[in-house]
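Written below as C-alpha cells is the structure these notes are about.
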Amino acid sequence: MSPIRSATIAALASAIVATTLTGCQFGGAEQDTSPIVIAADLELSGAAASVGRTYQQALKLKVEQLNSSGALKDRKIDLRVKDNRSDSAESLRNIADFSSDSQVSAIIMGGCGECAVGAVETINEKRIPTIALAASGAITSPVAERRYVFKLGPNAPDSAAALTTELRRDNISKVGLLVSDDDYGREGATALKSELDKARITLREQKVKSTDTDVSQQVQQLTSNKPDALVFWTPPEQATLAATSAQRTTFRGSLFFDAGAAGDLFLGAAAKATERATLIFTQTLVIDDVIATTPAKAARRQWFQDYTARFGGYNGSSSFAADAVQLIADAELRAGGEVGKVNRNGIRDVLETSQMDGLSGPIRMTPDNHSGLMPQALTTLVARNGRWRLAG
C-alpha cells in the first residue's frame, strides 16, 4: 500500500472516530435506561395479611401495566417487596434496608399506621420519599417533621363529615360507635364526636384492639343502649364481625361503615348481616355502576376490570397502592438529575406538588398537606344483595 493511500485511510478513520465521539458528546441527551426501583414494605403475614396481600397484588398489576405501556420510555419499574409480618420492628428493619440501597427511588408502606409512624425518623434521616397506604393522620402530620413522608387513603375528618351527613339525612339522633384502639380510630372518634355534636346527635363508644377476633361483647354493650344506628370505625374484618354480632342482638337499626372498613366488593358470608348498610368510600369500589363520562372515570373502570379479571374479585384498597406507584413513577421522570443515579430529593420535591385524577379519585399534594386524597373522592355506598352499590 502506498504511503499516500495509507495516510488517507488513517485520516478517514480518525475523522469517523472523531465524528462518532462528537455525536456522543454533543448530540441528543443520553437516554436513561436505568430501572426505577420502588420498594414496598407490606403486611404479607400476621394480623393484617389480607390487606397486605391486596396491596401486593395491586402493586404488581400496576407495575406490569406501566412497564408494558411505553409511558416510561426506555425505563422499567423494578418492584422489591418485603414482608413486615404486621410488626412495626420488622417494618423498621425493612425501611432501613431499603433506604440504604442507593438504587431505591422511593418506598411504599402498607396499611400498618404504627409501622409508618415508627419509621418517620429513619425516613427523614435517610431522605427517602415514602408513601404510606395507612389511614392515620399522624403519618404525615406535622408536615414540618415529616418532609419525606406522604399518605394516600381516606382522612378521618373527611370520613366523619360524610358519615354525619348521612346520619342526619336518616334522622338519626343516637349513635353507637365501635372504634379501633389505634391512631386512626382515636382520630376518627374525635372527628366524629365533633361532627355529631354540631348535628346534636348523641354518641356512645366502645373500643376494640386491632388483634381482637371477637367483638360481640362490645357490640352488645352498644346495642343495650338502644341506638338508632351503629357506626363501625374498624378494619374490614372487624367491621364484618361487628355486623354479624349486631344481627344476633335485638338491634334493628342502621349500620354505617367508615372508609377504613372498606374491603372486598362482595360481602360473602356477611351479606345478610350487612344488607342495606352504608359505607363511605371512593367510587372505585363501585365504578361498574358509574358511567365513564371522563378519562379519569374510564381509567378507574378499566382498573376495576383488569384487577377483577386477574384476581377474580375486587378490593377497594387496591386503588391506593396503584396510585402510589403512579405518583412515584411520574415523580421519578420529572425529577431530573444525573443519568443512572437516583435523585431522591428531586422526587420528594415533585411529590410534594403532585396533582392527579387517580384511580382512587382526585389527589392533591401540597407543601402544607402530604395526605393527598381529596374529600371529593369520598362517596356513599350501600350494601345490596351481597355487594356494594352506589347509593341513590
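Could the peptides 70-77, 161-168, 253-260 be put in order, highest first, of the mean number of other beta-carbon atoms found within 10 Å of their residues? Can you show the working numbers first?
On the way: 70-77: 13.9, 161-168: 20.4, 253-260: 24.8.
Per-residue Cβ counts within 10 Å, averaged per peptide and sorted highest first, yield 253-260, 161-168, 70-77.
Give me the number: length gained by fully extending ALA299 to LYS174, i.e. 0.36 nm times residue separation minus the C-alpha to C-alpha distance, one decimal in nm. Kindly include the intermediate steps, with their values, before the conclusion.
On the way: separation 125, 0.36 × 125 = 45.00 nm, distance 4.02 nm.
Going from the current span to full extension adds 41.0 nm.
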> Any idea how far apart GLU338 and GLN247 come out in nm if each label point goes 7 Å out from Cα toward Cβ?
Replying inline: 6.2
> Excluding ligands and nucleic acids, what accessible area in Å² is computed for LYS198 using a 1.4 Å probe, to the nearest 10?
Replying inline: 140
> If each of ALA391 and THR353 carries a label point 7 Å out from its Cα toward its Cβ, how far apart are those two points in nm?
Replying inline: 3.7
> How much of the accessible area of the chain, in percent, comes from carbon and sulfur atoms when a 1.4 Å probe is used?
Replying inline: 50
> Hey, got the dipole for the chain? About the Cα centre, +1 on K and R Cβ, -1 on D and E Cβ, debye to the nearest 20?
Replying inline: 800
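What accessible area per residue comes out for the chain, rounded to a whole number of Å², with a 1.4 Å probe?
Values: 17990 Å² over 392 residues.
Counting only protein heavy atoms, the per-residue value for the chain is 46 Å².
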> Which part of segment 303-337 falls in the paramagnetic zone of GLU64, meaning amide N under 14 Å from the point 7 Å along Cα-to-beta-carbon?
Replying inline: 303-313
> How far is it, in nm, from the label point at SER34 to the one at GLU275 when both lie 7 Å from their Cα along the line to the Cβ?
Replying inline: 5.9
> Of the listed peptides 354-361, 131-138, 281-288, what is their order by residue-averaged count of other C-beta atoms within 10 Å, with the highest listed first?
Replying inline: 131-138, 281-288, 354-361
> Of ILE287, SER354, SER68, which is farthest on the positive side of the dipole of the chain, counting Cα position, with +1 on Lys and Arg Cβ, -1 on Asp and Glu Cβ, and the Cα centre as origin?
Replying inline: ILE287
>> How long are the semi-axes of the equivalent ellipsoid of segment 42-201, defined as square roots of 5 times the Cα gyration tensor eigenvalues? Whole Å, largest first.
In response: 34, 18, 15
>> Rounded to the nearest 5, what % of DSSP beta bridges with both residues in the chain are antiparallel?
In response: 30
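For the pairs LYS207/LYS272; LYS198/LYS297; LYS193/LYS226, flag any whose C-alpha to C-alpha distance is greater than 27 Å. Kindly include the intermediate steps, with their values, before the conclusion.
Numbers: LYS207/LYS272 24 Å; LYS198/LYS297 34 Å; LYS193/LYS226 18 Å.
Violating the 27 Å limit, Cα to Cα: LYS198/LYS297.
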>> Can you compute the charge dipole magnitude of segment 254-307 about its Cα centre, using +1 on each Lys and Arg Cβ and -1 on each Asp and Glu Cβ, nothing else charged? Give it in debye, rounded to the nearest 20.
In response: 100
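The values are calculated or read from the model by the stated rules, or taken from the named source; none is laboratory data. Predicted model only: the values in this text are computed from it and were never measured. Glycine also receives a Cβ, built like all others from the backbone with ideal geometry; neighbour counts cover every protein chain displayed. Surface areas here come from the heavy atoms of the whole protein model, side chains and all, with no ligands, DNA or RNA. Shrake-Rupley method; radii C 1.70, N 1.55, O 1.52, S 1.80 Å.
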